[in-house]
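Visitor: My structure is below; once you've seen it, I'll send some questions.
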């Protein structure tokens, strides 16, 4: 019962296991490449689906209780494993709330960090190995209150003690113990549901039918035009843009296009590293790709190469190598642009019945 009450989470890309051991690349082929081997794992997926459905039912009928923390809660999550563009959307939403005069706090589990049991406030100077790379990145980009703890209820309560008047839960769509006023499900518009199977046979944490129950669906697009709408009432398209590079040692910024034609080493320890490499190639860079597991800890060896080519990395990776970055290290900040006649923020605040 304790397992059911906890947050169901299978981080395949970082841990490399969901019943069987496998590499990141083979997992991608299994889930998104149409591999028939996925059918061999279907019995495990059925067990996972049963546990997930039972756990949600127990919350719905009140066997497990949800906790209201006294302030509005917005959950930004996903029904697939990793790499959907959730963190850039959390940053966008946090900055949008700040622009409306609110004091949002972001609460997160702290993936990749030490996973301590007590809530811990995060700043831009925090150690990513202690609190997780995404938490440091959010604090760095927004300056907002950021608190990490596996128990998001305790994290939210601590954030409110620190002065937050609205909570943004980074991930946690399946963390039902934290009562929420608005749910956003983020979906990679290119890969969508993969082979349509639940873990471990496919990338789904929950059935795609879960999207019909959330308040908004945001489809993230990294290149080209968005695909066809899924048909949900509140459905938005968010373009993930990478337009410039920033030096990790000097802070200098340069347009990404100024690197066109150059050979670069590209490092990506994210859920979908190929999307990062493709974004650089689309702007004319000659990419030597160095994919790493999601939330991987970086060492000086990871950014040292025999040649003098620039080393380009994601923001999540950059916060982990600030202490040993060299003059050829550049970070590629990602930002979100939303396509919508009505803004996502207006839909959220209307649902939360905010006076602002």
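Visitor: Do we find that residue 353 is surrounded by fewer than 16 Cβ atoms within 10 Å (Cβ to Cβ) and closer than 27 Å to residue 187 by Cβ in this structure?
Guide: Details: surrounded by fewer than 16 Cβ atoms within 10 Å (Cβ to Cβ): yes; closer than 27 Å to residue 187 by Cβ: yes.
Here the answer is yes, as residue 353 does meet what is asked.
Visitor: Residues 109, 180, 116, 141: which one is assigned by TED's automatic domain parsing to the domain that holds residue 91, more than 30 Å from residue 279 (Cβ to Cβ) and either at pLDDT below 95 or out of contact with any strand residue (DSSP E or B) (no Cβ under 7 Å at 6 or more places or on another chain) (or both)? Write out each step before concluding.
Guide: On the way: 109 fails: more than 30 Å from residue 279 (Cβ to Cβ); 180 fails: either at pLDDT below 95 or out of contact with any strand residue (DSSP E or B) (no Cβ under 7 Å at 6 or more places or on another chain) (or both); 141 fails: more than 30 Å from residue 279 (Cβ to Cβ).
Answer to the check: 116.
Visitor: Looking at the structure I just gave you, is residue 237 part of a strand (DSSP E or B) and surrounded by 20 or more Cβ atoms within 10 Å (Cβ to Cβ)? Steps first, please.
Guide: Numbers: part of a strand (DSSP E or B): yes; surrounded by 20 or more Cβ atoms within 10 Å (Cβ to Cβ): no.
Judged against the criteria, residue 237 is not a match.
Visitor: Say whether the condition of being closer than 27 Å to residue 129 by Cβ, within 17 Å of the chain's Cα centre (by Cα) and without any contact (Cβ under 8 Å) to a residue 60 or more places away in the chain is met by at least one residue in the stretch 245-260.
Guide: For the stretch 245-260, residues closer than 27 Å to residue 129 by Cβ, within 17 Å of the chain's Cα centre (by Cα) and without any contact (Cβ under 8 Å) to a residue 60 or more places away in the chain: absent.
Visitor: Considering only residues that are crowded, with 24+ Cβ neighbours inside 10 Å and assigned to a helix (DSSP H, G or I), which ones fall in the stretch 120-134? Quick ask: steps written out before the conclusion?
Guide: Kept after step one, since they are crowded, with 24+ Cβ neighbours inside 10 Å, are these residues of the stretch 120-134: 122, 128, 131-134.
If the condition is that a residue be crowded, with 24+ Cβ neighbours inside 10 Å and assigned to a helix (DSSP H, G or I), then 128, 131, 133, 134 are the ones that fit.
Visitor: Could you tell me how many of the residues in the stretch 289-308 are outside any loop (DSSP other than H, G, I, E, B) and within 12 Å of residue 268 (Cβ to Cβ)? Even if it seems obvious, please write down each step before you answer.
Guide: Quick first cut of the stretch 289-308, residues outside any loop (DSSP other than H, G, I, E, B) only: 289-291, 300-303.
Still in the running and within 12 Å of residue 268 (Cβ to Cβ): 289-291, 302.
Qualifying residue count for the region: 4.
Visitor: Given 191, 154, which one is in a loop (DSSP other than H, G, I, E, B), over 23 Å from residue 353 (Cα atoms), assigned by TED's automatic domain parsing to the domain that holds residue 128 and touching a strand residue (DSSP E or B) at 6+ places or on another chain (Cβ under 9 Å)? It would help to see each step written out before you state the result.
Guide: Details: 154 fails: in a loop (DSSP other than H, G, I, E, B).
Only one candidate passes the filter, namely 191.
Visitor: Which condition from (1) over 27 Å from residue 237 (Cβ atoms); (2) in contact with a helix residue (DSSP H, G or I) (Cβ under 9 Å, 6 or more places away or on another chain); (3) buried (at least 24 other Cβ atoms within 10 Å of the Cβ) is the one that residue 137 breaks?
Guide: It is condition (1) that residue 137 fails.
Visitor: Here's something else I'd like to know. When you look at residue 274, is it outside any loop (DSSP other than H, G, I, E, B), at pLDDT below 95 and surrounded by fewer than 20 Cβ atoms within 10 Å (Cβ to Cβ), yes or no? Before you say what the answer is, go through the steps one by one.
Guide: Working: outside any loop (DSSP other than H, G, I, E, B): yes; at pLDDT below 95: yes; surrounded by fewer than 20 Cβ atoms within 10 Å (Cβ to Cβ): yes.
Yes; evaluated as a whole, the condition is true for this residue.
Visitor: Go through 93, 97, 54, 89 for me and flag whichever is over 18 Å from residue 181 (Cβ atoms) and either touching a helix residue (DSSP H, G or I) at 6+ places or on another chain (Cβ under 7 Å) or at pLDDT 95 or above (or both).
Guide: Numbers: 93 fails: over 18 Å from residue 181 (Cβ atoms); 97 fails: over 18 Å from residue 181 (Cβ atoms); 89 fails: over 18 Å from residue 181 (Cβ atoms).
That would be 54, the only listed residue that is over 18 Å from residue 181 (Cβ atoms) and either touching a helix residue (DSSP H, G or I) at 6+ places or on another chain (Cβ under 7 Å) or at pLDDT 95 or above (or both).
Visitor: Determine which member of the set 306, 323, 318 is out of contact with any helix residue (DSSP H, G or I) (no Cβ under 7 Å at 6 or more places or on another chain), assigned by TED's automatic domain parsing to the domain that holds residue 269, under 15 Å from residue 249 (Cβ atoms) and free of Cβ contacts under 8 Å to residues at least 12 places away in the same chain. Walk me through how you get there before you give the answer.
Guide: On the way: 306 fails: under 15 Å from residue 249 (Cβ atoms); 318 fails: free of Cβ contacts under 8 Å to residues at least 12 places away in the same chain.
Of the residues listed, the single one that is out of contact with any helix residue (DSSP H, G or I) (no Cβ under 7 Å at 6 or more places or on another chain), assigned by TED's automatic domain parsing to the domain that holds residue 269, under 15 Å from residue 249 (Cβ atoms) and free of Cβ contacts under 8 Å to residues at least 12 places away in the same chain is 323.
Visitor: Within the set of pairs 6+ apart or on separate chains, which have a first residue in the stretch 205-222 that is without any contact (Cβ under 8 Å) to a residue 24 or more places away in the chain, a second that is outside any strand (DSSP E or B), and C-beta atoms under 9 Å apart?
Guide: Between residues of the stretch 205-222 that are without any contact (Cβ under 8 Å) to a residue 24 or more places away in the chain and residues that are outside any strand (DSSP E or B), the close pairs are 212/232.
Visitor: Suppose the filter is part of a strand (DSSP E or B) and crowded, with 21+ Cβ neighbours inside 10 Å; does residue 146 pass it?
Guide: Working: part of a strand (DSSP E or B): yes; crowded, with 21+ Cβ neighbours inside 10 Å: yes.
Yes.
The values are calculated or read from the model by the stated rules, or taken from the named source; none is laboratory data. In this text, all values refer to a predicted model and were calculated from it rather than measured experimentally. Backbone-built Cβ (ideal geometry, glycine too); neighbour counts: all protein chains shown.
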